[in-house]
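Comments concern the structure below.
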Amino acid sequence: MTSQLFPPGVQQTLDLVGIFVFALSGGLLAVRKNMDIFGICVLAEATALGGGVMRDLVIGATPVVAFTNLGYFVTPLVAGLVVFFLHPEVERINRSVQTLDALGLGLFCVTGTAKAHDYGLGSVAAVALGMLTAAGGGVIRDVLATETPSLLRWDREIYAVPALVGAALVAILISIGRLSTATASAAALTAFGLRMLALKYGWRAPRAWHRNGSRTSEE
Amino acid sequence: MTSQLFPPGVQQTLDLVGIFVFALSGGLLAVRKNMDIFGICVLAEATALGGGVMRDLVIGATPVVAFTNLGYFVTPLVAGLVVFFLHPEVERINRSVQTLDALGLGLFCVTGTAKAHDYGLGSVAAVALGMLTAAGGGVIRDVLATETPSLLRWDREIYAVPALVGAALVAILISIGRLSTATASAAALTAFGLRMLALKYGWRAPRAWHRNGSRTSEE
Amino acid sequence: MTSQLFPPGVQQTLDLVGIFVFALSGGLLAVRKNMDIFGICVLAEATALGGGVMRDLVIGATPVVAFTNLGYFVTPLVAGLVVFFLHPEVERINRSVQTLDALGLGLFCVTGTAKAHDYGLGSVAAVALGMLTAAGGGVIRDVLATETPSLLRWDREIYAVPALVGAALVAILISIGRLSTATASAAALTAFGLRMLALKYGWRAPRAWHRNGSRTSEE
């Protein structure tokens, strides 16, 4: 199992931190959309666990880990309650939340890619599933809130590219037999760093060429 | 198999009644959204079977039962045709439809929790899957119709809490070894009763605290 | 395996053509919604592979083939890049794209039905999964773009009925033991032809009866 990249306790702690901050972003969107306590908890769960659930379904790892590991399931509920009671404070430290979210992004693209490889998928598919693990929950969050997924919007800082880079590094490390706690951490930190730079400098991905020649933009 | 809670014929009948009324709610939304006969049938199918399909995918019970039991699949089509030809009449008996929907809610949260337990999931996860079975189809219905899921909206009577109570009762009954036809029926009726009370008295779940201090509501 | 309907090289080529044109339709919608290059590629992937992924999940064919066959995964990326650089040209040949899309529809409803049958599903369920394979990706595309799925809209030419006819023909052919490359091709061409006729003559499905008697249309 290459997916056991870190000592068990460390991995579990990192996973729960990532899940917690992903859940915060789901809960905050629910508050903005005027949802009730239950909507907050559902969006927190869906955001935090959705990417991993989709990865596990695709690779056939059932029952999916999000439902067999109690901590994975309870953590988003805690985050939901935190948002319910303290959302103005959580909004105020949004910069810190975004930093933790970037950490979660880095961590999940690495562990998602490694797990997909463990289940026998090829490099390209493993990279895709690493990205799905990291970014899928946010897409589910936005769909449930009937928002255009921010992952797909040109006016948001790039989110997928850092995940892609982190996942690709892991796939390369696996193929050259060099995946270890140290190199996996480096890959996760690379994705994290790219995301932080994107946030700081407002990096965006290009839209389709020649837009001026085409119909008017709808958004 | 604890999920065989009722005599087979009774269970099948109850399942089909629940599926039928869930499908009616999907078909009625499709009519309101001005969809055609095919959209009506698709929304009827998705509403009626979506929760159970998601549960089966998560626990790895494939092929999912909604596609292996012919009655489960055909019943929503019948409901779709009923809505197609008779939707004003169905709207008129909406109060009765809501009562039957509450019965479906009670039944599915109980059977969903029991089935998840049969597949080896722990109590908390089984409760979550019971709720998913009961409420998941309605979320898919609303997403397909590009509506904010009514499950998540604060201005709708609570739907998840009755399901939570019913599912939690089943988990407790399982853990103390007392799940039987009688106790399962009591759990389902408790969920049903709570939902009916919520409808009658307009019970709603609270939104996040201190909303006045935060940004203006968007809806 | 009845799903090996065509010589392997032929089947692979047909699959990739279908995937490519489905991906084009996803990419074009992303451009219209003003998404960036990454949004274009994600919508291309989701449209092209979504139907087959859902089919594989439902029947328990994991890891799903879309992630184990490299060509299936890379083709939508190529289509996404084509749209990114050349979308005005692709829009201009939209009529040809719709023709190819109809070919994909015919092909996927046939192969989807046959694959579901291979996994032990009954005729009705296999037909439903054939339709899901052919039309599911387009629904995911529209949900991700927060549009009402065009499959469900009454003001679009019928898409599901041709898929239904093609899938039903395959189920009948299987049940009478006559499914072969020739008959499967005939079923696919029937679905293709119906879709082309629907486009040419603007065939639409009926909406619910007595609409005048009900509330005003919302769209």
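Just so you know, all these numbers are worked out from the coordinates, no wet-lab data involved. Note that this is a predicted model, so its numbers are computed, not measured. Neighbour counts run over all protein chains shown; Cβ positions are idealised from the backbone, glycine included.
A few remarks follow.
- Cα-based shape type of the protein assembly as shown, given that a ≥ b ≥ c are square roots of the gyration tensor eigenvalues and the cut on a/c is 1.5: rounded
- Residues of type lysines that residue A:200 reaches as a straight line, Cα spacing below 28 Å, ignoring anything fewer than 8 places off in the same chain: A:33, C:33
- Shape class for the range A:8-202, computed from the alpha carbon gyration tensor (a ≥ b ≥ c): prolate, with a/c not under 1.5 and a/b above b/c.
- Nitroxide proxy distance, nm - points 7 Å out along Cα→Cβ at residue A:186 and residue A:155: 4.0 nm
- By the helix-only formula, in which each DSSP H run with n ≥ 4 contributes -39500 (n - 2.57) and the sum is divided by residues, chain B has a 222 nm mean residue ellipticity of -25000 deg cm²/dmol.
- For residue C:125, neighbours were defined as the other residues whose beta-carbon sits under 15 Å from its Cβ, and their charges (Lys and Arg +1, Asp and Glu -1) total -2.
- Among the trypsin sites (Lys or Arg not before Pro) in the range A:98-179, those located in a DSSP loop and surrounded by at most 13 other Cβ atoms within 10 Å of their own Cβ are A:178.
- Peptide-level mean, for B:52-60, of C-beta atoms on other protein chains within 10 Å: 5
- Model label sites at residue B:197 and residue A:10, defined 7 Å from Cα along the beta-carbon direction, differ in position by 5.2 nm.
- Take A:68-79, A:117-128 and order them by the average number of nearby Cβ atoms within 10 Å per residue, most first; the result is A:117-128, A:68-79.
- Averaged over peptide C:61-69, the number of partner chain Cβ atoms lying within 10 Å of each residue's Cβ comes to 6.
- For residues of B:25-33, the mean tally of beta carbons on other chains within 10 Å: 3
- Two-site FRET efficiency, residue B:172 against residue A:17, from Cβ-Cβ distance with R₀ of 22 Å, rounded to 0.05: 0.10
- Separation between Cα centres of the range B:6-72 and the range A:42-89, rounded to whole Å: 25 Å
- Inter-copy spacing of residue B:172 label points, which lie 7 Å from Cα along Cα→Cβ, given in nm from shortest upward: 5.6, 5.6
- Euclidean distance between Cα centres, the range C:92-110 to the range B:130-181, Å: 40 Å
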